[in-house]
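Undergrad: This is the structure, below, for whatever I ask next.
The values are calculated or read from the model by the stated rules, or taken from the named source; none is laboratory data. Just so we're clear, the structure is a prediction, and the values are computed from it rather than from any experiment. Neighbour counts are summed over all protein chains in view; Cβ atoms, including those assigned to glycine, are modelled from backbone coordinates with ideal geometry.
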Protein chains: 2
Amino acid sequence: MTGAGPTAIIAGRGGLAAIVAAALERPFVAAIEGFAPEGLVPDLVFRVERLVPFLDHLADRGVTRVVFAGAVQRPRLDPALFDPATARLVPRLLAAMQGGDDAALRGAIALFEEAGLEVVGVDQVAPGLVPGPGILAGTVTEGDRRDAARAASIVQALGAVDVGQGAVVAQGLCLGVEALPGTDALLDFVARTGAALRPDPQGARGLLYKAPKPGQDRRVDLPAIGPETVARAAAAGLAGIAWAAGGVLLLDRAATVAAAQDKGLFLWSRGE
Amino acid sequence: MTGAGPTAIIAGRGGLAAIVAAALERPFVAAIEGFAPEGLVPDLVFRVERLVPFLDHLADRGVTRVVFAGAVQRPRLDPALFDPATARLVPRLLAAMQGGDDAALRGAIALFEEAGLEVVGVDQVAPGLVPGPGILAGTVTEGDRRDAARAASIVQALGAVDVGQGAVVAQGLCLGVEALPGTDALLDFVARTGAALRPDPQGARGLLYKAPKPGQDRRVDLPAIGPETVARAAAAGLAGIAWAAGGVLLLDRAATVAAAQDKGLFLWSRGE
């Protein structure tokens, strides 16, 4: 911890907020209504329509630092609930929410920073969650390395138009691309559609590749991998999961590695 | 028709080959084993493992011009079936088949051209299949126009890495991206996953956008739209279908327009 006041965690869905909270001394946990985190009870639940009073409340509590932890899909806005100050932000809120993920997140960071709060990344408060280069489970073949290189170029091209953070490639062929529905939906799609599309039945079974978008602000919405990702990758017939080292959250590392070993999948934190 | 000999149609799956055949005087129709066209009986069925004898056969028949019509997914290769001449092409065949769609198609065109055949596009033998700019059904809103512009930029970025020819965008958000499994699989994916992802329930319902890849050789594998595309787009809750004018095949125009009118979807052949 730095600074005098507590760090505020803006908790989204999933277990990340609880993991981050465990790494902090005196966290103040806030969650958007309708996007409850798992494994911890928020100190405060707020709505986007009342963002300005919420930011004032953080200031009153002496909060100086904020970390976003977990997925928040775009909440629906109820016009009746806006306070006058937040109502003045509606054009900015709508512009952010109608852009891609990056635009939405840049907009959110800007609003918090303008309220005098420092926005930091999960890796700054819990560095163990973001693996550096290395193979964490299984074996990576030359075919897997080619597939990872191709998938990385696809994810990079998608990032340039602010779409997705993942792709599935097998034997050089792109079996699926991540869009708004997310990684689990992508893997389920490949499980349903990909089996007959690999040209060589004995060839590389393919991989999921995850990376932040090029130029993405790494303080929010880093792609994440966990035991459930391994289970869905196995169901999709993949050989493993690779990701950009230093740019992806590994949730529950022990359980994720154990699941990969159990299913015979590799986990590869791929350096440049 | 030009030239003295017949034009050969390399027929893939679907009804396109029959439509193209109807536009030609004396077509010679060949199909790859396992990829039978609909609505016509091929004059010859061949296997990729015996490509050189097939090309020799075309020459013997006096064929000078070839048009590719319909989808051919990558066939599996049986090592036992290669003739010696085609066996010498295996490195090129494998390199083409392990690349993306463009690489595979460029490879196929090159092999036919090296055999002395002129490879032409469907639009050259049946220009009515490729609509120019205009709205063919329904009404296009300003929101739809914004979504189409965003989808076009996404498809263009994907084309740069040789992935897909389509995307679904609603209210600026990318609900899905086409990869190897194709347009129908994309629309089914959006039908399953997209309903809850549109921020404004009263806002634009989104559209499927199709375009050839930038720099794509338009002699092969133009994206195609037909009545089935309309049915699946309707099932996915979309407002309509837009495409790059002059770059997309409209199969069975009358039935496609009627289906769109019946479902209340727009069909928009979008100029630059």
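Undergrad: From (1) within 30 Å of A:Asp60 (Cα to Cα); (2) within 9 Å of chain B (Cβ to nearest Cβ), pick out the condition that doesn't hold for A:Ala126.
TA: (2)
Undergrad: Also: Being assigned to a loop (DSSP other than H, G, I, E, B) and buried (at least 17 other Cβ atoms within 10 Å of the Cβ) is true for just one of B:Val63, B:Val20, B:Val67. Which residue is that? Quick ask: steps written out before the conclusion?
TA: Details: B:Val20 fails: assigned to a loop (DSSP other than H, G, I, E, B); B:Val67 fails: assigned to a loop (DSSP other than H, G, I, E, B).
Residue meeting the stated conditions: B:Val63.
Undergrad: Does A:Leu267 satisfy being in a loop (DSSP other than H, G, I, E, B) and touching a Leu at 6+ places or on another chain (Cβ under 6 Å)? Write out each step before concluding.
TA: On the way: in a loop (DSSP other than H, G, I, E, B): no; touching a Leu at 6+ places or on another chain (Cβ under 6 Å): yes.
So A:Leu267 fails the test.
Undergrad: Look at region B:194-250 and say how many of its residues are basic (Lys, Arg), over 17 Å from B:Ala148 (Cα atoms) and at pLDDT below 90. Talk me through it step by step, then tell me what you get.
TA: Taking region B:194-250 first, the residues basic (Lys, Arg) are B:198, B:205, B:210, B:213, B:218-219, B:232.
If we keep only those that are over 17 Å from B:Ala148 (Cα atoms) too, we end up with B:218-219, B:232.
Adding the requirement that they be at pLDDT below 90 leaves B:218-219.
Counting residues in region B:194-250 that are basic (Lys, Arg), over 17 Å from B:Ala148 (Cα atoms) and at pLDDT below 90 gives 2.
Undergrad: Picking from B:Leu186, B:Leu180, which residue would you name as being at pLDDT 95 or above, within 20 Å of A:Gly176 (Cα to Cα) and not basic (Lys, Arg)?
TA: Working: B:Leu180 fails: at pLDDT 95 or above.
Testing whether each residue is at pLDDT 95 or above, within 20 Å of A:Gly176 (Cα to Cα) and not basic (Lys, Arg) leaves just B:Leu186.
Undergrad: Could you grab me the full set of residues in region B:134-146 that are of a type outside the set (Ser, Thr, Tyr) and either loosely packed, with under 15 Cβ neighbours inside 10 Å or more than 9 Å from chain A (Cβ to nearest Cβ) (or both)? Please lay out each step first, then the result.
TA: Taking region B:134-146 as the starting set, the residues that turn out to be of a type outside the set (Ser, Thr, Tyr) are B:134-138, B:140, B:142-146.
Passing the criteria: B:Gly134, B:Ile135, B:Leu136, B:Ala137, B:Gly138, B:Val140, B:Glu142, B:Gly143, B:Asp144, B:Arg145.
Undergrad: Kindly provide the set of residues from region B:192-215 that are of a type in the set (Lys, Arg) and more than 11 Å from chain A (Cβ to nearest Cβ), ordered by number.
TA: Start the filter on region B:192-215 by keeping residues that are of a type in the set (Lys, Arg), which leaves B:192, B:198, B:205, B:210, B:213.
If the condition is that a residue be of a type in the set (Lys, Arg) and more than 11 Å from chain A (Cβ to nearest Cβ), then B:Arg205, B:Lys210, B:Lys213 are the ones that fit.
Undergrad: Right, A:Ala149: within 14 Å of another protein chain (Cβ to nearest Cβ) and part of a helix (DSSP H, G or I) or not?
TA: Details: within 14 Å of another protein chain (Cβ to nearest Cβ): yes; part of a helix (DSSP H, G or I): yes.
Spelling it out, A:Ala149 is indeed within 14 Å of another protein chain (Cβ to nearest Cβ) and part of a helix (DSSP H, G or I).
Undergrad: Related question: Filter region B:160-176 for residues that are out of contact with any strand residue (DSSP E or B) (no Cβ under 7 Å at 6 or more places or on another chain), of a type outside the set (Asp, Glu) and farther than 13 Å from B:Ala233 by Cβ and give the result.
TA: Of all residues in region B:160-176, those out of contact with any strand residue (DSSP E or B) (no Cβ under 7 Å at 6 or more places or on another chain) come to B:160-162, B:170-173.
Then keep just the ones that are of a type outside the set (Asp, Glu); that gives B:160-161, B:170-173.
Hits for region B:160-176 are B:Ala160, B:Val161, B:Gln171, B:Gly172, B:Leu173.
Undergrad: Can you confirm whether B:Gly134 is of a type in the set (Gly, Ala, Ser) and closer than 30 Å to B:Val66 by Cβ?
TA: On the way: of a type in the set (Gly, Ala, Ser): yes; closer than 30 Å to B:Val66 by Cβ: no.
Against the criterion (of a type in the set (Gly, Ala, Ser) and closer than 30 Å to B:Val66 by Cβ), B:Gly134 does not qualify.
Undergrad: Find the residue count for region B:23-43, including only residues that are in contact (Cβ under 8 Å) with a residue 24 or more places away in the chain, outside any loop (DSSP other than H, G, I, E, B) and of a type in the set (Gly, Ala, Ser).
TA: Of the residues in that region, 1 qualify.
Undergrad: Kindly establish whether B:Ala259 is touching a Pro at 6+ places or on another chain (Cβ under 7 Å), in a helix (DSSP H, G or I) and modelled with pLDDT of 95 or more. Working first, answer last.
TA: Values: touching a Pro at 6+ places or on another chain (Cβ under 7 Å): yes; in a helix (DSSP H, G or I): yes; modelled with pLDDT of 95 or more: yes.
Considered against the rule, which asks whether it is touching a Pro at 6+ places or on another chain (Cβ under 7 Å), in a helix (DSSP H, G or I) and modelled with pLDDT of 95 or more, B:Ala259 comes out as yes.
Undergrad: May I ask you to list the residues in region B:232-246 that are closer than 21 Å to B:Pro212 by Cβ and surrounded by fewer than 21 Cβ atoms within 10 Å (Cβ to Cβ)?
TA: Across region B:232-246, the qualifying residues are B:Arg232, B:Ala245, B:Gly246.
Undergrad: Further question on the same structure: Identify the residue in region A:41-60 that is out of contact with any Leu (no Cβ under 8 Å at 6 or more places or on another chain) and surrounded by 17 or more Cβ atoms within 10 Å (Cβ to Cβ) and, among all such residues, is nearest to A:Val125 (Cα to Cα).
TA: Only one residue fits best here, namely A:Pro42.
Undergrad: Quick check, is A:Leu187 within 26 Å of A:Ala160 (Cβ to Cβ) and over 17 Å from the mean Cα position of the chain (by Cα)?
TA: No; evaluated as a whole, the condition is false for this residue.
Undergrad: Out of everything in region A:152-191 that is of a type outside the set (A, V, I, L, M, F, W, C), more than 7 Å from every other protein chain (Cβ to nearest Cβ) and in a helix (DSSP H, G or I), what residue ends up being surrounded by the fewest Cβ atoms within 10 Å (Cβ to Cβ)?
TA: A:Asp184
Undergrad: Given the condition aliphatic (A, V, I, L, M) and part of a loop (DSSP other than H, G, I, E, B), answer yes or no: does some residue in region A:215-234 qualify?
TA: The answer is yes, given that some residue of region A:215-234 is aliphatic (A, V, I, L, M) and part of a loop (DSSP other than H, G, I, E, B).
Undergrad: Looking at region A:194-221, which of the residues that are basic (Lys, Arg) and closer than 14 Å to A:Gly246 by Cα is surrounded by the fewest Cβ atoms within 10 Å (Cβ to Cβ)? Don't jump to the end; show me each part of the working.
TA: Narrowing region A:194-221 to residues basic (Lys, Arg): A:198, A:205, A:210, A:213, A:218-219.
Remaining after also requiring closer than 14 Å to A:Gly246 by Cα: A:210, A:213, A:218-219.
Numbers: A:Lys210: 27, A:Lys213: 23, A:Arg218: 16, A:Arg219: 20.
Result: A:Arg218.
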